[in-house]
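The values are calculated or read from the model by the stated rules, or taken from the named source; none is laboratory data. Every value quoted in this text rests on a predicted model; they were computed, and no experiment measured them. In this analysis, Cβ positions are derived from the backbone assuming ideal geometry, glycine residues included, and neighbour counts consider all displayed protein chains. The protein model used for the area step is the full one, side chains on, heavy atoms only, and it has no ligands, DNA or RNA in it. Shrake-Rupley method; radii C 1.70, N 1.55, O 1.52, S 1.80 Å.
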Amino acid sequence: MIPNKNDGKTLTKNIYQTMKKSFALLTTIAASIALIACSPDTTVTSPDGRIRTSVALNEEGVPALTIAVDGQPLLEAPQLGLEADGVNLASGFSLDKVDAAQHDETWTQPWGENREIRDCHHEIAVRMHNTEGVSLVLRVRAFDDGVGFRYEYDTPVDSLRLTDEHTMFRFAQDGLSWSIDGNYDTYELPYREQPISAVARANTPFTFRIGNLYGSIHEAALYDYPEMHLLREDSLTFKAELAPLPDGVKARLAGRFTTPWRSVQIADRAVDLINSSLILNLNEPSKIADTSWIRPQKYVGVWWGMHLGTQVWTMGPRHGATTENAIRHIDFAAANNIQGVLFEGWNRGWENWGGNQQFDYVEPYADFDLERIAAYAREKGIELWMHNETGGNIPDYEANMERAMKRYAELGIHTLKTGYAGGFRDGYSHHSQYGVQHYQRVVELAAKYHIMLDAHEPIKETGIRRTWPNMMTREGARGMEWNAWSEGNSSEYLCTLPFVRLLSGPMDYTPGIFDIYYDRAKADPGRIQWNGDNTHCSIKTTLARQIANWVIIYSPLQMAADLIENYEGHPAFRFFRDFDADCDWSEALQGEIGAYIVVARRAGERFFLGAGTNADARTLDQPLDFLQPGVTYTARIYADDVNSPLRTAYRIEERRVTAADSLRIEMAADGGCAVSFEPVNKHNE
């Protein structure tokens with residue numbers, strides 16, 4: 001269960017009652033900081049005219065910003081700017097000029113939830129300077145789905161030590177929020193549903209609802225800068241808090257620099273946050289000219305057995321990554337329309353876990369014939385994945401990663417999963433400027449060798465996949481493995497994930513466990529309890545929901561995570577064989593945070609739908625108007641058997657449907673539904 005639950009209906013009623021009062025309060029706040037109107041116009045409005053963002057300077061020359069929707073205040077940033085040793089970056093500014101621009105283009109992704117993305121925004125660049133020779137451009141972009149702003153500094157020094165960021169977010173009134181706690185080393189934390197006023201600190205995305213509006217605070221284009229989380233200043237005001245370096249400095253920067261964007265997504269419906277492309281549109285176009293080698297794929301692999309405790313990462317009787325097991329997985333992939341196979345524990349060094357955390361990223365264990373396996377994978381047309389666990393030993397990995405990637409490319413290996421499951425050396429945190437710089441070095445080096453990346457224990461996703469499209473997917477939340485050795489992830493968690501973590505980008509959740517109760521693992525008398533008591537662990541959803549997660553939890557590298565023997569001969573595994581991880585179009589159709597979600601995706605002429613609910617059984621009517629008009633489809637429905645108490649109970653049904661039809665989705669408690677739509681014929685137009 002998510003702690004600190006709040007009665008949403010009561011809170012919403014109170015929000016309506018205080019709307020007029022809060023507007024007056026915001027006006028008073030604005031007056032109290034003595035905002036001086038700037039000339040020329042420092043206001044920018046979204047293309048549809050609903051979102052209005054205004055910039056001003058107070059009497060101390062400190063920039064501020066306000067955001068209103070439909071004429072009503074949503075939030076303000078009463079103080080903007082940065083702080084550095086020896087240089088005033090925060091105050092004493094005077095307005096120079098304002099450059100206004102409009103932009104409207106449609107750009108194409110090599111992969112993504114949607115092949116085509118429209119970037120339509122209005123922009124102002126508010127140019128200012130202070131008496132100490134510091135020039136600042138506060139760049140603001142207003143989209144129909146939110147606002148982004150960033151700092152562009154030019155200072156009189158060659159380098160500086162950034163000590164703080166003053167950016168604040170003050171909400172006009174209280175509301176509900178969904179977030180994880182702020183932490184500089186992990187995002188694998190439970191979600192909390194709380195009043196905004198009850199949050200002490202939070203990482204981003206920070207999703208909220210105020211009245212009838214939904215929103216989410218995050219950041220975009222995070223490079224050479226620490227991550228931001230939100231630290232409460234008072235009941236409705238949060239400060240941007242930056243992950244520090246060991247000496248307390250937040251960042252070491254050149255005298256001329258640009259920060260990441262601070263973003264605020266805004267929507268009328270919760271699902272429209274998911275459908276927003278704001279984060280991607282705040283990133284630069286691809287720096288990789290030829291992206292033909294970057295291809296989404298489905299994969300299986302040696303992974304889940306280690307978390308269950310039936311296999312291990314190190315060489316020995318229970319070693320998972322052996323030549324024999326590799327050949328078996330490659331054959332399974334080739335027979336089931338699966339493009340890739342992952343092996344964890346293939347390389348020497350796992351015996352050092354908990355010690356010097358030093359791995360060999362080239363030399364395999366003696367029972368894993370890398371060259372033979374790579375050759376066999378090529379013969380079968382299967383992508384072999386390598387796995388590099390660093391254990392947080394960044395200096396050692398950076399000294400060896402080019403040698404490793406060069407070797408992988410020689411073997412025809414173009415997909416790499418990285419891991420950072422350990423504390424960084426010398427007091428550095430994962431989410432500091434040091435961590436951000438390291439993760440980016442890996443992305444750029446991988447691009448040099450035509451290698452796609454799947455990062456676990458990563459830095460947060462901020463849309464850099466647009467600029468570096470070989471950065472395919474990352475973890476960055478509690479994934480499937482938590483179900484193997486902890487209380488696990490609830491169905492409520494899975495109904496929250498799309499509205500918070502997934503707003504930032506794809507996630508390698510590793511879905512699709514069919515052995516819901518771990519019958520095969522529990523029958524193993526030598527099963528290892530390597531991470532606490534796992535004897536009572538199981539999947540907390542139905543099997544149908546596990547299938548639906550392949551659609552709901554977007555990743556261009558999508559795994560069928562269970563032991564392959566649990567898929568062999570299973571009728572429901574047909575969904576994954578038919579599924580395509582390479583989307584052309586996606587839309588979240590309906591849902592509420594923590595309650596339920598329905599998502600549809602198209603790949604070529606086929607469509608796929610995934611639906612899931614929380615602990616409440618639920619029936620939904622879903623119009624199929626997203627299908628192509630004039631086409632009849634065979635809908636193959638994988639649904640809960642709502643008459644059975646077993647989470648493994650499911651039914652498969654086929655019917656003919658068109659875009660004019662509606663689908664009745666019946667889900668058991670913790671359940672779901674997955675549907676594939678295969679075109680039968682096209683009518684004459």
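Details
- Using a probe radius of 1.4 angstrom, the carbon and sulfur fraction of the accessible surface of the stretch 518-629 is 44%.
- Extending 7 Å from the Cα toward the beta-carbon at both Asp96 and Ala289 defines two label points whose distance is 3.4 nm.
- Here the spin labels are modelled as points 7 Å beyond Cα on the Cα-Cβ line, and at Glu116 and Glu233 they lie 4.4 nm apart.
- Within the chain, percent of DSSP bridges classed antiparallel, to nearest 5: 85
- Charging the Cβ of each Asp and Glu at -1 and of each Lys and Arg at +1, and nothing else, the dipole of the stretch 382-512 about its Cα centre rounds to 380 debye.
- For the chain, the fraction of C-alpha pairs more than 50 angstrom apart is 13%.
- Per-residue ellipticity at 222 nm, computed for the chain from helices alone with -39500 (n - 2.57) per DSSP H run of at least four residues, works out to -5000 deg cm²/dmol.
- Charge dipole of the stretch 534-600 (Cα centre as origin; +1 on each Lys and Arg Cβ, -1 on each Asp and Glu Cβ, all else neutral): 280 debye, rounded to the nearest 20.
- Solvent-accessible area per residue, Å², over the stretch 473-570 with all protein chains present [probe radius 1.4 Å]: 24
- Cβ charges +1 (Lys, Arg) and -1 (Asp, Glu), total dipole of the chain, debye: 740
- Computed label-point distance, nm, for sites Glu363 and Gln72 using a 7 Å Cα→Cβ extension: 6.6
- If R0 is taken as 45 Å, the Cβ-Cβ distance between Arg403 and Thr106 corresponds to a FRET efficiency of 0.60.
- Accessible-area composition of the stretch 297-366, carbon plus sulfur, in percent [1.4 Å probe]: 50
- Heavy-atom accessible area per residue - the stretch 49-191, 1.4 Å, Å²: 36
- Protection-proxy order for peptides 543-549, 277-283, 147-153, each taking the mean of Cβ atoms within 10 Å per residue, highest first: 543-549, 277-283, 147-153
- Enclosed volume per residue, in Å³, of the convex hull spanned by Cα atoms of the stretch 550-609: 103
- Alpha carbon centroid spacing (whole Å) that separates the stretch 599-658 from the stretch 61-104: 47
- Length gained on full extension, Arg252 to Val642: 134.6 nm, using 0.36 nm per residue less the C-alpha separation.
- Selection among Ile516, Ile553, Thr535 by position relative to the dipole of the stretch 479-558 gives Ile553 as farthest towards the positive end (Cβ unit charges, Cα centre).
- Three-way shape call for the stretch 103-155 based on the alpha-carbon gyration tensor, with the a/c threshold at 1.5: prolate
- Portion, in percent, of the accessible area of the stretch 96-230 that falls on carbon or sulfur, probe 1.4 Å: 44
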